[in-house]
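Below is one structure, written out as structure tokens, with a few remarks after it.
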Amino acid sequence: MSAPRPVALVTGGSRGIGRAVVQTLAAQGWIVAFTWREREEEARRLAEEIGGAGRPFRFDLRDRARAGDLVREVEEQVGPIEGLVNNAGVRRDGLLATLADDGWDELIDANLGGVFRCCRAAVPRMLHRRRGSIVNVSSMTAVHGLAGQAAYGAAKAGILGLTRSLAREVGSRGVRVNAVIPGFVPTEMVADIPPERVKALRSAEALPAGVTTGGVAGAVAFLLSDAAASITGQTLVVDAGLLA
Amino acid sequence: MPDITAVRARIKTLIVESLHLQGIAPADIGDDQPLFGDGLGLDSVDALEMMVALEKEYGIRIDGHQVGKETFTSVSTLAAFVQERLPAAS
């Protein structure tokens, strides 16, 4: 009898990097619960595309009460969550001096608070089972400043601090927590960045092919898997050598 | 609804089994013995593990941030917390 397939929960899984993570994990034998916020049809098509391995759930990072229910629903309907990928994010640029309190609060709460709430909901169950791996998706702007991204960058840098401290909290029970910093990946989320700025951003990359969604997904899948059993509290930069 | 004595006894077993305590039998744990520190020596991560064990055992919902540390003071306080959340006997 073969072992049951492990279950992963990927937030923001219907497009971009999250979509590639869902596809990669499914191809590696995971059953993947993934969330969508606006595009139900895309999520449904992705679930069909990866056959019986995908289960879409609606989730809005900004809904403070939802993370706990989401984790419960996934565990009841799909199975015990062994891997959690906090990928969902909200990006909105604006110079710090023009940022209203509400705008700051919203970006921090969605991008950092959302990761916090998903971890808080999933961690006790992982501790109880003494098994689990979490990968938090940060951003290049956490370590390499970008004008207009003070709030987003602060939240994404906060994710790295959360990752390291949480790794210390749960390591004794066999639960690992790591982060990935994707470099510049041509997804819908960054489609509004002017081409000349993209060119400038990418000029420091060592690898001409740049970073692909699949490349980031491979790193996430590695950290989630037992191949990374000795790694926790770390940040893996997937940037085609931009920061080298 | 199980009586409080039965809940306390079950919680003692859950503590030993869920937390993989070695060399301690459920009967060795006193109703009012402190669970943390110099008492049974549990830590706050153990408390999180117990939370999930209690949810599964009694079919109740416990959110970590809504549970005060005083709830995990002893088996007695934990049993009272659980019994408050159990549905009334039909």
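Key figures for this structure:
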item	result
Positive-end residue of A:THR35, A:ALA147, A:VAL123, charge dipole of chain A with Cβ unit charges	A:VAL123
Per-selection Rg to Rh, segment A:1-145 - Cα, Kirkwood hydrodynamic radius	1.00
Percentage relative contact order, chain A, counting C-alpha pairs under 8 Å, at least six apart	20 percent
Lys, Arg +1 and Asp, Glu -1 on Cβ, resulting dipole of chain B about Cα centre, debye, nearest 20	260 debye
Gyration tensor verdict on segment B:1-80 (Cα atoms; rounded if a/c is under 1.5, prolate if a/b is larger than b/c, oblate otherwise)	rounded
Chain A - mean residue ellipticity at 222 nm from DSSP helices (-39,500 (n - 2.57) per run, n ≥ 4, rounded to 500)	-12500 deg cm²/dmol
Order of A:VAL198, B:VAL45 - criterion: other Cβ atoms within 10 Å of each residue's Cβ, fewest first	A:VAL198, B:VAL45
Approximate spin-label separation B:GLU57-A:GLU188, in nm, with each point projected 7 Å along Cα-to-Cβ	4.7 nm
GNM flexibility winner over chain A from A:GLY89, A:GLY79, A:GLY51 (Cα, springs under 10 Å)	A:GLY51
Computed Kirkwood radius, in angstrom, where 1/r is averaged over Cα pairs of chain A	18.0 Å
Residues of type aspartates and glutamates that A:LYS199 reaches as a straight line, Cα spacing below 19 Å, ignoring anything fewer than 8 places off in the same chain	A:ASP93, A:GLU188, A:ASP239
Under 19 Å from the Cα of B:LYS12 - aspartates and glutamates, other chains or at least 8 residues apart	B:ASP3, B:ASP28, B:ASP31, B:ASP32, B:ASP38, B:ASP43, B:ASP46, B:GLU49, B:GLU55, B:GLU57, B:GLU70, B:GLU84
Residue mean of other protein chain beta carbons inside 10 Å, A:123-131	5
Chain A: angle of helix A:40-49 to the longest principal axis, Cα-based, in degrees nearest 10	60 degrees
Size of electric dipole in the protein assembly as shown: Cβ of Lys, Arg +1 and of Asp, Glu -1, about Cα centre, debye, nearest 20	680 debye
Trypsin sites (Lys or Arg not before Pro) within chain B, DSSP loop, no more than 13 other Cβ atoms inside 10 Å	B:ARG61
Computed [θ] at 222 nm, helices only, for chain B once each DSSP H run of length n ≥ 4 contributes -39500 (n - 2.57)	-14500 deg cm²/dmol
Qualifying aspartates and glutamates (Cα of each under 14 Å from Cα of B:LYS56; at least 8 residues distant if same chain)	A:GLU75, A:GLU76, B:GLU17
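Readers should treat all values here as calculations from the given coordinates under stated rules, not as data from a laboratory. No experiment lies behind these values; they were computed from the predicted model shown. Backbone-built Cβ (ideal geometry, glycine too); neighbour counts: all protein chains shown.
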